[in-house]
1. Given Cα pairs under 8 Å that are at least 6 residues apart, what percent is the relative contact order of the chain?
2. Given a 1.4 angstrom probe, what's the average accessible area per residue across the chain, in square angstrom?
3. Cα-Cα over 20 Å: which of Lys59/Lys121; Lys92/Lys142; Lys75/Lys142; Lys40/Lys75?
4. Can you compute the label reach from Lys40? Point 7 Å from Cα along the Cβ direction, backbone N cut-off under 15 Å, restricted to region 86-126.
5. Which value in nm describes the separation of the simple spin-label points at Arg197 and Tyr134, placed 7 Å from the Cα toward the beta carbon?
6. Helix 159-179 versus the longest principal axis of the chain: what is the Cα-based angle in degrees, 0 to 90, to the nearest 10?
7. With a ≥ b ≥ c the root eigenvalues of the C-alpha gyration tensor of region 41-197, is it rounded (a/c under 1.5), prolate (a/b larger than b/c) or oblate?
8. Packing-wise, with mean Cβ within 10 Å as the measure, how do 42-49, 96-103 rank, highest first?
Amino acid sequence: MTDKKLPKARYHHGDLRTSLILTASAMLKDNGVENLSLRKLADQVGVSRTAPYHHFKDKNELLCAIAEQGFSHWKLQLEEIFENPDLNEEQKLRAFIHGYISYAAQNPEMYDLMFGRTIWKQNSATDSLKDIAYPTFQFQVKMTRDWQHKGLLPASLDTLRLSQVTWGTIHGIARLLIDGIYADASHIDEMCETALRMFVLNRQEVDK
């Protein structure tokens with residue numbers, strides 16, 4: 001990412017907020033959340049240091065807006081997976097697992113912001129972030145229920161708890177990859193396949 005400031009003239013009324021979010025997302029990816037500030041963002045975009053405050057009252061609101069973009073992108077990937085008529089249910093589950101873990105590995109700073117403690121532990125999520133983040137998990141609950149009905153996942157288990165454990169498993173794999181703890185990018189495919197086999201093959205034992 002270049003340090004060259006963008007000229008103020010390229011921004012028109014109404015699009016500065018979008019430009020701020022896009023630039024802040026790039027800064028987050030390059031330098032992490034600790035090094036992101038509204039002042040640095042203004043300098044990078046090439047606007048006055050007070051301009052971002054017309055769109056975000058503080059850094060938390062900016063971070064929530066960035067996280068919203070992350071959830072929007074992930075939602076698009078989910079739709080591509082589950083609306084693909086060429087995939088059967090097991091292939092969709094495989095694509096979901098691979099997609100989730102690959103997204104985390106390729107976007108570690110964004111993933112930390114979307115699912116980490118910076119926003120959620122402090123209970124500081126904005127309403128607009130909650131409006132896109134909560135339905136993401138509800139979608140997984142819905143898909144888990146569908147997979148139970150279709151015999152792919154254990155039908156005898158509570159759907160919500162199964163959804164939480166499924167998500168917890170792939171979230172844990174994602175964290176191992178991001179933190180570099182006994183796992184790296186070369187292990188992604190094998191770990192994803194192991195998770196899939198664990199979920200799918202164990203259904204017969206559980207439902208006996």
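1. Numbers: 173 pairs, mean separation 42.4, N = 208.
Computed value for the chain: 20 percent relative contact order.
2. Details: 11770 Å² over 208 residues.
Accessible surface, normalised per residue, equals 57 Å².
3. On the way: Lys59/Lys121 16 Å; Lys92/Lys142 14 Å; Lys75/Lys142 14 Å; Lys40/Lys75 29 Å.
Result: Lys40/Lys75 exceed 20 Å.
4. Within reach of a label on Lys40: 109-110.
5. 3.9
6. The angle comes out near 60 degrees.
7. On the way: a/c = 2.22, a/b = 1.79, b/c = 1.24.
Prolate.
8. 96-103, 42-49
The values are calculated or read from the model by the stated rules, or taken from the named source; none is laboratory data. Bear in mind the structure is a predicted one, so any value in this text is a computation, not a measurement. When we count neighbours, we look across all protein chains shown, and the Cβ atoms used for this are built from the backbone with ideal geometry, even at glycine. SASA here: full protein model, heavy atoms, side chains in, ligands and nucleic acids out. Shrake-Rupley method; radii C 1.70, N 1.55, O 1.52, S 1.80 Å.
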